[in-house]
1. Rounded to a whole number, what % of the accessible area of the chain do carbon and sulfur atoms account for, probe 1.4 Å?
2. Give the cross-link partners of Lys109 among the aspartates and glutamates, using a straight C-alpha distance below 16 Å as the criterion and excluding same-chain residues fewer than 8 apart.
3. As an exercise, use a Förster radius of 22 Å and the Cβ-Cβ distance of Lys99 and Ala16 to find the FRET efficiency, rounded to the nearest 0.05.
4. Amide H of Asp95: which non-local residues (sequence gap of 5 or more, or other chain) have their own amide H closer than 5 Å, using H built in the peptide plane?
5. When the helices in the chain are scored as -39500 (n - 2.57) per DSSP H run of 4 or longer and the sum is shared across all residues, what 222 nm value do you end up with, to the nearest 500 deg cm²/dmol?
6. Given R₀ = 30 Å, what would the calculated FRET efficiency be for Asp40 paired with Asp81, taking r from the Cβ atoms and rounding to 0.05?
7. Bin by bin, in steps of 5 Å, what percent of the Cα pairs in region 15-98 do you find, going until the bin that has the longest distance?
8. For region 1-59, rounded, prolate or oblate, judged on the Cα gyration tensor with a ≥ b ≥ c (square roots of eigenvalues), a/c < 1.5 rounded, else prolate if a/b > b/c?
Amino acid sequence: ALVVEDNEVNAKVLTAILKKFGFSFALAVNGLEALDRVKDDVFDIVLMDLQMPVMDGFMSAQNMRKQGIHCPIVAVTANSDYEARIRCLDVGMNDLLTKPINKELLKEKLLYWIPAR
C-alpha cells in the first residue's frame, strides 16, 4: 500500500492498522511525492489524503491516471460531502474512506479493492 498523508498522527494511525492487517506500505507526505513513488514501485492500493501541501490528492490521483497507473486509489479524508465524493470519482479515484479511520471499514475496502492472491 502507498499511504499519502501529510499529517504525522494520521499517517501513524493508518500505517499501524495496515501493519496489524499484515500489509507492507510506503509513505508519501504529499501528492507530488506520491507521483514519484508510483513511478518507481508497484502498489496494490493507494490510500490518498485530499488536502495536502505541494500537491493535493485530487491532482495527484488525476496525474497517476494520466501516467497509466491503474491500481485502486481510495481517498482518505475528513471531507466526505457530496461534492468531494463526486470530484474524487471525476479525477479517477475508486472510493472514499472518511476520517477518523474505522478499522473494519478499512479492512472491507482493502478486501474489496485488492484482488486475492
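1. Its accessible area is 52 percent carbon and sulfur atoms.
2. List returned: Asp44, Asp49, Asp95.
3. Given R0 = 22 Å and the Cβ-Cβ separation, E is 0.95.
4. Under 5 Å from the amide H of Asp95: Ile73, Ala75.
5. Helices in the chain give a 222 nm mean residue ellipticity of -13500 deg cm²/dmol.
6. It comes to 0.30.
7. P(r) for region 15-98, in whole percents per bin: 3, 15, 28, 27, 18, 8, 1.
8. oblate
The values are calculated or read from the model by the stated rules, or taken from the named source; none is laboratory data. Keep in mind that this is a model prediction, so the values were computed, not measured. Because the Cβ atoms are built from the backbone with ideal geometry, glycine has one as well, and the counts that use them run over all protein chains shown. Quick note on the areas: whole protein, heavy atoms, side chains included, nothing else; ligands and nucleic acids left out. Shrake-Rupley method; radii C 1.70, N 1.55, O 1.52, S 1.80 Å.
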